[in-house]
Amino acid sequence: MAEHATDALDRARMDAKLTHGDLFLRYFELGGMSSALQVEAFCYGALEPNDHDHDVVVHAINERFSEMGQNHPVPYSDDS
Amino acid sequence: MTATSKLEPLVGFEVAVRYVGERVVVAVRGEVDFETVPHLSGVVNAVIDRRPSTVVLDLGGASFVGAGGLGIIATGAGRLVSDGGQMVVRRPSRLLRRMMQITGLSKVVSIERSAEIVRHLGGEQASFDIEAPVVATVESAVLSYQLRKMMAFPADTDVLDGALRLVVALAQLVVQRADGVSISLSRHGRLVTVAATDQTVSSMDAGQYESGQGPCVDAAANGRWFYAESLSEESRWPDFTPKALDLGINAILSTPLLTQDGPVGAINMYSRTIEAFADRDHEIASTFATEASLILSYAGVGASEDDLAARLAESLRVREVIALAQGIVMARETLNAEEAYATLRRFAVSQDRTFAELAADVVASTRPQAQGE
């Protein structure tokens, strides 16, 4: 399991102006299989997501950034 | 040589028809889902129009058969039987067999299960070779993928209840020894049953709420699963256990539903069989609990009451399209589910499109008139 900068995830969520609820709804729509509580825990670093789950959360945040005119700023697990 | 027609309207989905005297073999490869059902239905109906004595629907190559596939079998069998013919379903998955049993279809349709039979009848096997069929197993990963596909349904006023009812129905289909399944939810500080497969199950739930005892009550309160493997030897719930035994129930497995607010209820599986639920069933139960919890999480987050039905239906629809696209990429590129997902995601990012848009395009690309990807 790769190291993810998990507190960075919550900062990105806030920069993207998403509540935890908003983020979960987007994550769910993208096919995520973790609960809202788990997604929140991923953000805080209280739970370590696997790469796949991490990337689904990141993508949910990045799609929001994309709507705000930015180009997928949060790195995925397979970004070098 | 017998006449063979082969139609390829959808990438990854094929139907081959072979006429052998009075028998017709219709072999399917790929997924029988909402995209492909109309096509398969058209083929089967056209075949039945020619009044064969027997139609053999070979599903050995079908990686997924949803409710629509069941509908084709039911309709086809009905038409054939009323004309004095019969339908044979060859090599259905275990899940499909179970669905056919529960719906009573197995009484009017013959089932050929083993590959032996197919080899034995080699000459009439339809034209493409089907190697080791991708049988719909109940491994949890596959199951959750199938679940996501089955969970998509049209928006209606009772989307939330409908979704939960579907969860209990599917759980009962998949867990062979579950004689009944229910979902209990805590509402205003009290547990209520929001979905149940039958009345006995509702009574069992009610008995636990009244006595304040039982695996369902404990799972909902403590957020972990409780398993009573043999109620006659059970000492944890003395007020409740006799009621369950009176109703013929011998084993109960309750798995908690967890949302952002903590445990909010439980999914309960009841069986007449002692020690009915194996480790694997625990895993399956938690897959269903996850799906139910996700739906409840969704209902509890953000959306207002008015908004919820439409929004949930839309999200379930997007989830299904993404699952479908994932399945298509898995089949095309021989990738596992997560690799396929990452491939789609990288593609979406590089094209600056949303995942949902890209997934919809991938699904559309399997239509015959589409121009590549």
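The values are calculated or read from the model by the stated rules, or taken from the named source; none is laboratory data. Everything numeric here is computed off the predicted structure, so don't read it as measured data. Please note: Cβ atoms are built from the backbone with ideal geometry, for glycine as well, and neighbour counts cover all protein chains shown. Accessible surface is based on the protein model in full, side chains and every heavy atom, while ligands, DNA and RNA are left aside. Shrake-Rupley method; radii C 1.70, N 1.55, O 1.52, S 1.80 Å.
Applied to segment B:54-63, the Karplus parametrisation 6.51 cos²θ - 1.76 cosθ + 1.60 on θ = phi - 60° returns per-residue 3J(HN,Hα) values of 9, 10, 9, 9, 8, 9, x, x, 7, 7 Hz, with x for Gly and Pro. Other protein chain C-beta atoms within 10 Å of residue C-beta, averaged over B:348-355: 4. Using R₀ = 35 Å, calculate the FRET efficiency as 1/(1 + (r/R₀)^6) where r is the Cβ-Cβ separation of B:Thr75 and B:Ala206; round to 0.05. Working from the Cβ atoms, E equals 0.35.
On association of chains B and A, roughly 2300 Å² of accessible area becomes buried (total for both chains; probe 1.4 Å). Peptides A:36-43, B:188-195, B:278-285 ranked from most to least packed by the mean count of surrounding Cβ atoms within 10 Å: A:36-43, B:278-285, B:188-195.
With the Cα gyration tensor of segment B:315-364 giving a ≥ b ≥ c as the square roots of its eigenvalues, does the rule (a/c under 1.5 for rounded; else a/b larger than b/c for prolate; else oblate) give rounded, prolate or oblate? Since a/c reaches 1.5 but b/c is at least a/b, the shape of segment B:315-364 is classed as oblate.
How much FRET efficiency would the formula 1/(1 + (r/R0)^6) give for B:Ile111 and B:Asp246, where r is the Cβ-Cβ distance and R0 is 45 Å, rounded to 0.05?
Working: r = 36 Å, r/R0 = 0.80.
Computed FRET efficiency for B:Ile111 and B:Asp246: 0.80.
In this Cβ point-charge picture (+1 for Lys and Arg, -1 for Asp and Glu), segment A:6-67 has a dipole of about 180 debye about its Cα centre.
For segment B:315-364, the dipole from Cβ point charges (+1 on Lys and Arg, -1 on Asp and Glu) about the Cα centre works out to 80 debye, to the nearest 20. Here the accessible area of segment B:315-364 is 54 percent carbon and sulfur, with a 1.4 angstrom probe and all protein chains present.
Between A:Val57, A:Gly32, A:Met14, the Cα set farthest toward the positive side of the dipole of segment A:6-67 (charges on each charged residue's Cβ, about the Cα centre) is that of A:Met14. Each residue, B:Ser82 and B:His39, gets one label point 7 Å from its Cα in the Cβ direction; the gap between the two is 2.8 nm.
Model label points for A:Lys17 and B:Arg353, set 7 angstrom from Cα along the Cα-to-Cβ axis, are 2.7 nm apart.
In percent, what relative contact order does segment B:156-301 have, based on Cα pairs under 8 Å that are 6 or more apart in sequence? Let's see the in-between values first.
Details: 282 pairs, mean separation 36.5, N = 146.
That works out to 25 percent.
Dipole check for segment B:156-301: with +1 at the C-beta of Lys and Arg, -1 at the C-beta of Asp and Glu, and the Cα centre as origin, the magnitude is about 160 Debye. In the full protein context, segment B:189-306 carries 42 Å² of accessible surface per residue, based on a 1.4 Å probe and ignoring ligands, DNA and RNA. Note on A:Asp7 and B:Val192: the model spin-label points, each 7 Å out from Cα along the C-beta direction, lie 4.4 nm apart. With a Förster radius of 41 Å applied to the beta-carbon distance between B:Arg165 and B:Thr54, the computed FRET efficiency rounds to 0.70. Within 10 Å of the Cβ of each residue in A:67-74, the mean number of Cβ atoms contributed by other protein chains is 1.
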